[in-house]
1. Out of everything in the range B:45-96 that is on the phi > 0 side of the Ramachandran plot and more than 15 Å from DNA strand C (Cβ to nearest atom), what residue ends up being nearest to the other protein chains (Cβ to nearest Cβ)?
2. What number goes with the only condition from (1) surrounded by 20 or more Cβ atoms within 10 Å (Cβ to Cβ); (2) within 14 Å of the chain's Cα centre (by Cα); (3) modelled with pLDDT of 90 or more that residue A:99 does not pass?
3. Cβ-Cβ under 7 Å, sequence separation 6+ or interchain: first residue in the range A:104-129 and within 7 Å of chain B (Cβ to nearest Cβ), partner of a type in the set (Asp, Glu) and open to solvent by less than 10 Å² (accessible area, probe 1.4 Å). Which pairs?
4. Is there a residue being part of a loop (DSSP other than H, G, I, E, B) and either open to solvent by 60 Å² or more (accessible area, probe 1.4 Å) or at pLDDT 90 or above (or both) anywhere in the range B:25-34?
5. Condition check: in contact with a strand residue (DSSP E or B) (Cβ under 6 Å, 6 or more places away or on another chain) and either touching a residue at least 60 places away in the same chain (Cβ under 8 Å) or open to solvent by less than 60 Å² (accessible area, probe 1.4 Å) (or both). Does residue A:50 satisfy that?
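The values are calculated or read from the model by the stated rules, or taken from the named source; none is laboratory data. Since the structure is predicted, the reported quantities are computational estimates derived from the model, not experimental observations. A quick note on method: Cβ atoms are made from the backbone with ideal geometry, for glycine too, and the neighbour counts reach across all protein chains shown. Accessible surface areas use protein heavy atoms only, side chains included; no ligands, DNA or RNA. Shrake-Rupley method; radii C 1.70, N 1.55, O 1.52, S 1.80 Å.
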2 protein chains.
Amino acid sequence: MDAVAAQVETAALPGPCSRIPVEDADFVRQIMDRVGDKWTLMVIATLQDGVMRYTELLHAIPGISQRMLSRTLAQLHHDGLITRTAYAEVPPRVEYALAPLGASLKDIVASLIDWAITHHAEIRRHRALTGTADNH
Amino acid sequence: MDAVAAQVETAALPGPCSRIPVEDADFVRQIMDRVGDKWTLMVIATLQDGVMRYTELLHAIPGISQRMLSRTLAQLHHDGLITRTAYAEVPPRVEYALAPLGASLKDIVASLIDWAITHHAEIRRHRALTGTADNH
DNA sequence: CCGCATCCGGCGTGATACTG
DNA sequence: CAGTATCACGCCGGATGCGG
């Protein structure tokens with residue numbers, strides 16, 4: 001956990017990055033559109049474990065639909081974050097894994113998950129305080 | 001890489017998703033639903049600089065609508081990630097800033113942005129290769 | 001049989017206009 | 001200036017069907 005945190009700090013250290021360069025803001029937004037998607041994050045997080053098949057992912061990510069899984073996998077593959085290996089066999093088998101580019105996101109996503117596990121109780125407490133108002 | 005092989009073996013173990021504790025998986029998903037939202041990430045990233053007003057945020061985050069900004073700010077405030085300070089004055093003034101809980105996410109979000117800036121060129125290149133950037 | 005493209009219903013999302 | 005109400009559109013999810 002600390003190792004991961006250290007990596008995060010290392011990545012965040014180049015201080016002046018606190019403000020997003022205006023000329024990069026658009027690119028950042030585009031990337032965030034992909035990476036900042038809940039299913040994308042969940043898929044990458046799940047693929048941390050290694051090679052997985054379509055149905056495995058479908059089962060490992062509760063609540064995701066086949067449509068969204070297919071689309072997310074296609075996007076990730078299209079962006080070069082994951083690799084897709086299809087075996088022309090019977091029964092058919094398709095295996096997904098993190099490409100190097102996706103692996104570079106691994107630590108960050110792991111940090112996010114770590115943060116979620118660490119702070120979810122606190123968030124739920126805050127939600128309870130602010131009022132029941134569970135957002136739609 | 002040997003590390004990759006190790007991960008494959010880990011995945012081969014019976015049971016999905018060994019990284020995320022099963023009992024926390026649901027919580028992780030819930031948190032990811034919030035944190036894994038593009039606007040949430042953009043708002044937190046923008047608030048890294050410090051205190052900001054509604055219109056400032058609206059202008060600082062290209063493409064966000066008033067509705068989504070209000071909603072996102074309300075959610076973040078509801079979850080205790082940001083603070084909301086309203087001055088009963090004319091003209092009205094509302095200032096938003098990261099709460100300690102949100103500040104704990106700062107480094108991770110900064111890493112994400114850093115990653116986006118570092119790799120967006122590579123992603124765009126992959127997109128061009130995979131097909132004419134055509135999303136069916 | 002698994003992987004995934006397609007079709008349709010419902011809801012979240014975004015642009016505009018309006019209120020305090 | 002800060003935020004809400006309204007409406008039309010586009011995206012998400014579930015079921016179905018097909019190809020390999």
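1. Initial filter on the range B:45-96 (on the phi > 0 side of the Ramachandran plot): B:50, B:63, B:80.
Applying the additional criterion that residues be more than 15 Å from DNA strand C (Cβ to nearest atom) yields B:50, B:80.
Working: B:50: 9, B:80: 3 Å.
Only one residue tops the list, namely B:80.
2. That leaves (1) as the condition not met.
3. A:123/B:79; A:126/B:79; A:127/B:79
4. no
5. Values: in contact with a strand residue (DSSP E or B) (Cβ under 6 Å, 6 or more places away or on another chain): no; either touching a residue at least 60 places away in the same chain (Cβ under 8 Å) or open to solvent by less than 60 Å² (accessible area, probe 1.4 Å) (or both): yes.
Answer is no for this residue.
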